[in-house]
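Next up is a structure, given as structure tokens.
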Amino acid sequence: MDVVDRFCSYISFDTQSDENSTSCPSAEKEKRLAEALVQELQCLGLKDARMDSYGYVYARLNATPGREDVPALGLIAHMDTSPDAPGANVHPRRIRCQGGSLPLDAAGDVILDEQTLAPYVGQELIVTDGTTLLGADDKAGIAEIVSAAAYLLEHPDIPHGPICLAFTPDEEIGRGTEHFDLAAFGAPAAYTVDGGALGELEYENFNAANAHIHFTGFNIHPGEAKNKMRNAILLAQEFLSLMPPAETPAHTEGREGFFHVNRIEGNESAADLYLLIRDHDRTNFEARKEQLSRMAAYLNGKYGPDTAVLYIRDSYYNMREKIEPEHMDLIHRASVAMEAEGVTPRIVPIRGGTDGAQLSWKGLPCPNLCTGGVNFHSVREFIPIPALETMVRILVRIAAAQGSEEA
Ligand SMILES: [Zn+2]
């Protein structure tokens with residue numbers, strides 16, 4: 001079985017995670033793919049391949065003779081697909097990219113545009129029928145990891161250290177590392193293989209927090225309200241007017257942070273405002289939290305104590321803080337492997353988070369590698385077959401570099 005066969009087999013499983021569920025995995029059906037992966041890995045010769053009660057799959061590929069003492073290399077991908085697009089009954093199609101745009105569905109309503117396809121002219125692509133996502137996010141990552149392991153097993157002449165594999169549920173709903181068992185996994189450092197276009201290599205992500213501001217007003221019949229009513233909706237509006245207008249997702253890029261207001265509800269008596277705080281820089285991130293706290297204090301000074309009560313919860317931090325001091329070898333090794341395969345590494349800060357960021361802060365440094373996939377979370381998702389094949393070779397090179405002189 002090659003990487004394309006593997007990929008097509010994995011995407012036949014519906015593994016859409018469920019944001020309304022509190023169980024783990026969030027959807028029991030995720031375990032069907034997990035079971036199939038355990039069986040496949042055992043058939044390949046990874047005798048300890050197993051699924052735990054949360055649906056996580058772990059397996060270990062032993063080192064070749066002489067590399068037993070090299071620190072193990074971890075490779076991680078997630079099995080679930082995004083709830084943002086239908087994930088059942090995926091009908092993959094192989095097509096040769098001829099240039100121009102490409103209609104995906106029968107009616108021609110869902111189109112891959114010429115600009116998106118331009119880098120892939122002449123390549124064979126795996127696309128959808130326009131009704132579902134493809135599942136390259138992140139089954140391409142799984143297919144690439146399993147194919148690299150299979151390749152190393154077939155080529156015992158390629159020396160490598162121990163390799164620890166993990167396939168996780170529920171990444172797409174932000175719970176992919178909740179039950180990740182670092183001890184069972186067994187590697188001191190790892191990569192998630194979960195990025196986009198070929199060449200992407202990431203070790204920076206946002207610091208992230210959620211803020212909730214509760215406004216307490218005072219309601220009274222509007223006809224009797226003079227000098228008495230304090231409308232909570234207008235308090236929330238006043239709070240919003242204090243926010244820096246250019247620091248929103250719509251006005252920022254690269255390493256620029258933002259406040260993102262994503263929910264408001266209420267009436268005259270009480271209102272609740274929800275927002276996200278994002279910044280790559282930890283000092284700026286903390287300053288953003290203080291800024292919200294000063295804004296709440298301003299309203300409290302103006303209208304009385306507890307008019308605006310601010311709650312902030314940190315959700316994840318920038319993995320750069322964990323990678324940069326001691327683990328840049330991971331970035332170097334991945335860059336060298338990419339270049340050896342003719343791929344130019346593009347090291348870009350992620351404007352979001354990754355499972356690797358969470359793992360890095362739990363003690364497992366874990367940058368993110370590309371899968372080669374494009375248009376994730378959409379019915380327009382596709383992956384070029386050369387990207388799948390190249391990533392297998394890049395992973396093999398990374399594994400072979402682990403513990404070698406030139407690493
Ligand atoms: Zn993903």
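The values are calculated or read from the model by the stated rules, or taken from the named source; none is laboratory data. All figures in this text were calculated on a predicted structure; none of them were measured in a lab. Here the Cβ is made from the backbone with ideal geometry for all residues, glycine too, and neighbour counts use every protein chain on show. Surface accessibility is based on the protein's heavy atoms, side chains included, excluding ligands, DNA and RNA. Shrake-Rupley method; radii C 1.70, N 1.55, O 1.52, S 1.80 Å.
Which of the residues spanning region 14-40 are open to solvent by 40 Å² or more (accessible area, probe 1.4 Å) and in contact (Cβ under 8 Å) with a residue 24 or more places away in the chain?
ASP14, GLN16, ASP18, GLU19
Pull out all pairs, ordered by first then second residue, where Cβ-Cβ is under 8 Å, the residues are six or more apart or on different chains, the first lies in region 159-173 and is more than 16 Å from the ligand (Cβ to nearest atom), and the second is open to solvent by 10 Å² or more (accessible area, probe 1.4 Å) and of a type in the set (Ser, Thr, Tyr).
Pairs found: PRO159/THR64; PRO159/SER404; HIS160/THR64.
OK, next. Select from region 148-164 the residues that are of a type outside the set (A, V, I, L, M, F, W, C) and open to solvent by 10 Å² or more (accessible area, probe 1.4 Å) and list them in ascending order.
Matches in region 148-164: TYR151, GLU154, HIS155, PRO156, ASP157, PRO159.
A further question on this structure: Please indicate, with yes or no, whether at least one residue in region 327-339 is more than 23 Å from PRO71 (Cα to Cα), in contact with a helix residue (DSSP H, G or I) (Cβ under 6 Å, 6 or more places away or on another chain), of a type in the set (A, V, I, L, M, F, W, C) and at pLDDT 95 or above.
no
Could you count how many residues in region 66-86 are of a type in the set (A, V, I, L, M, F, W, C), assigned to a loop (DSSP other than H, G, I, E, B) and within 16 Å of the ligand (Cβ to nearest atom)?
The number of residues fulfilling the criteria is 2.
Sort through ASP84, ASP2, ASP113, ASP109 and tell me the only one that's under 24 Å from ASP355 (Cα atoms) and of a type in the set (Asp, Glu).
ASP84
Of (1) in a strand (DSSP E or B); (2) over 16 Å from GLY196 (Cβ atoms); (3) away from the ligand (no atom under 16 Å from the Cβ); (4) not hydroxyl-bearing (Ser, Thr, Tyr), GLY100 satisfies all except one. Which?
The failed condition is (1).
Also: Which residues, counting only those in region 169-183, are open to solvent by 60 Å² or more (accessible area, probe 1.4 Å) and assigned to a loop (DSSP other than H, G, I, E, B)?
Of everything in region 169-183, those that are open to solvent by 60 Å² or more (accessible area, probe 1.4 Å) and assigned to a loop (DSSP other than H, G, I, E, B) turn out to be GLU178, ASP181.
Looking at region 253-269, is at least one residue at positive phi and either exposed (fewer than 10 other Cβ atoms within 10 Å of the Cβ) or in contact with a His (Cβ under 7 Å, 6 or more places away or on another chain) (or both)?
Yes, region 253-269 contains a residue that is at positive phi and either exposed (fewer than 10 other Cβ atoms within 10 Å of the Cβ) or in contact with a His (Cβ under 7 Å, 6 or more places away or on another chain) (or both).
If you don't mind, another one. I need a count of the residues in region 360-407 that are part of a helix (DSSP H, G or I) and among the hydrophobic types (A, V, I, L, M, F, W, C).
Number satisfying all stated conditions: 13.
Name the pairs: first residue in region 365-382 and at positive phi and of a type in the set (Gly, Ala, Ser), second residue within 12 Å of the ligand (Cβ to nearest atom) and modelled with pLDDT of 95 or more, Cβ to Cβ under 8 Å, at least 6 apart or on different chains?
As it stands, the answer is GLY372/ALA136; GLY372/ALA140, since those pairs meet every condition given.
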